[in-house]
Amino acid sequence: MKIIVLGSAAGGGYPQWNCNCRNCNGLRKGAIRGRARTQSSIAISSNGNDWLLVNASPDILTQIRATPALQPARAARDSGIAAVLLMDAQVDHVTGLMMLREGRQIPLYCSASVRQDLLAGYPLAKVLSHYCGVQWHELAVAGGDRVSFTVPLLDGIRFTAIPLESKAPPYSPHRDHPAAGDNIGLLAHDLITGKKLFYAPGLGAIAPPTAAAMREADCLLVDGTFWTEDEMISLGFSGKPAVAMGHLPQSGAGGMLEVLDGMPAGRKILIHINNTNPILDEDSPQHATLLRHGVELAYDGMEIAL
């Protein structure tokens, strides 16, 4: 199983276009050591030619241009994207669907609540019906149970969708009334090698089913949005703490680093990193803390083989 990190930043990317925080300003001026990142998305394949796009970020065209495997050029018009899976209906995870409108009908895997959001609150699917259209594949997680499925052309990989505790987008009717399926985690199991990836770019809490899935995985690619619970508040960018925005911070008691310390996975990688997170400065003490815990920082173009 091959995984390519197409984008590793949270919404807005890094540096964010209108942000002059220490990270964004420092990266633009070359004052800090780090690398620019587009908004988070990954691609998964079993054969290196046909890929499941997991989340379609607003930066998808830039990501495709940077990833030759997604443009195999087998025909006059072609794409290596065999299907798209959405983890949630957040703007930074679904807007890229519009950039795929010139292609064939999009096989789209998502929960019922995400489908509802794409038909009503943020009706991308209605707009796409006038272009390529969408072929729906519902992940029936509404009861709170994990659901396994396969994707055509990704032979030898079994996927499992796991409902997560996080936040629905502001335009969702579930924003303040969470429902199973607003956010999912993805367990990808290579049936040949036996290896498993757990992917969850938005993770507000570690419920027992989530912890169980994480313990199964050989590689964890999980929410790295904020370093502290009050990160956005202390910078004056928001009045909301991290968990209220659906993200478990890395530091502090019960934080992501503490969770990852207890997991047996051989590789532990943070993704969906907000532009304000000090770990983006590779000379920061926070970045050094990650390394001491054996945790990696995802970057655009990162390749993982399992």
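The values are calculated or read from the model by the stated rules, or taken from the named source; none is laboratory data. Nothing here was measured: the structure is a model prediction, and the numbers come from that model. Glycine gets a Cβ as well: all are built from the backbone with ideal geometry, and neighbour counts include every protein chain shown.
For residues that are within 11 Å of the chain's Cα centre (by Cα) and not hydrophobic (A, V, I, L, M, F, W, C), scanning just the range 81-95, find the one that is nearest to Leu203 (Cα to Cα). Selected residue: Asp88.
Does Ile271 count as in contact (Cβ under 8 Å) with a residue 60 or more places away in the chain, hydrophobic (A, V, I, L, M, F, W, C) and either crowded, with 19+ Cβ neighbours inside 10 Å or at positive phi (or both)? The answer is yes for Ile271.
For the range 278-306, the set of residues classified as in contact (Cβ under 8 Å) with a residue 60 or more places away in the chain, touching a Phe, Trp or Tyr at 6+ places or on another chain (Cβ under 7 Å) and farther than 30 Å from Trp51 by Cα consists of Pro278 only. Cβ-Cβ distances below 6 Å connect the following pairs, each with a first residue in the range 37-57 that is touching a residue at least 24 places away in the same chain (Cβ under 8 Å), a second residue that is acidic (Asp, Glu), and a separation of six or more residues or different chains: Arg37/Asp300; Thr38/Asp59; Thr38/Asp300; Gln39/Asp59; Gln39/Asp92; Ser46/Asp155; Ser57/Asp92.
Listed here are the residues, each with its yes/no results for (1) crowded, with 21+ Cβ neighbours inside 10 Å; (2) part of a helix (DSSP H, G or I).
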| site | (1), (2) |
| --- | --- |
| Gly12 | no, no |
| Trp17 | no, no |
| Cys24 | yes, yes |
| Arg33 | no, no |
| Leu52 | yes, no |
| Ala56 | yes, no |
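Here Leu191 meets each of (1) closer than 22 Å to Asn47 by Cβ; (2) surrounded by 24 or more Cβ atoms within 10 Å (Cβ to Cβ) with one exception, condition (2).
All of Met263, Met256 fail the test of being surrounded by fewer than 19 Cβ atoms within 10 Å (Cβ to Cβ) and out of contact with any Ser or Thr (no Cβ under 8 Å at 6 or more places or on another chain), apart from Met263.
Select from the range 113-144 the residues that are of a type in the set (Lys, Arg) and touching a Lys or Arg at 6+ places or on another chain (Cβ under 7 Å) and list them in ascending order. Don't jump to the end; show me each part of the working.
Within the range 113-144, the subset of a type in the set (Lys, Arg) is 115, 126.
Answer for the range 113-144, where residues must be of a type in the set (Lys, Arg) and touching a Lys or Arg at 6+ places or on another chain (Cβ under 7 Å): there is none.
Is it the case that Gly103 is small (Gly, Ala, Ser) and under 22 Å from Asn275 (Cα atoms)? Judged against the criteria, Gly103 is not a match. Inclusion of Ala244 among residues that are of a type in the set (A, V, I, L, M), farther than 13 Å from Thr276 by Cα and modelled with pLDDT under 95 is warranted.
Among the criteria (1) in a loop (DSSP other than H, G, I, E, B); (2) exposed (fewer than 15 other Cβ atoms within 10 Å of the Cβ), the one Pro169 does not fulfil is (2).
Entry remark, the range 201-244: residues being without any contact (Cβ under 8 Å) to a residue 24 or more places away in the chain and crowded, with 21+ Cβ neighbours inside 10 Å number 1 in total. Would you be able to say whether some residue in the range 17-24 is at pLDDT 95 or above, of a type outside the set (A, V, I, L, M, F, W, C) and under 21 Å from the mean Cα position of the chain (by Cα)? No: the range 17-24 contains no residue that is at pLDDT 95 or above, of a type outside the set (A, V, I, L, M, F, W, C) and under 21 Å from the mean Cα position of the chain (by Cα).
When you scan the range 21-47, how many residues do you find that are farther than 20 Å from Gln286 by Cα and of a type outside the set (Gly, Ala, Ser)? Give the derivation first.
If we filter the range 21-47 for residues that are farther than 20 Å from Gln286 by Cα, which is where we start, we get 28-29, 38-47.
Next, from what is left, pick out any that are of a type outside the set (Gly, Ala, Ser): 28-29, 38-39, 42, 44, 47.
Here the count works out to 7.
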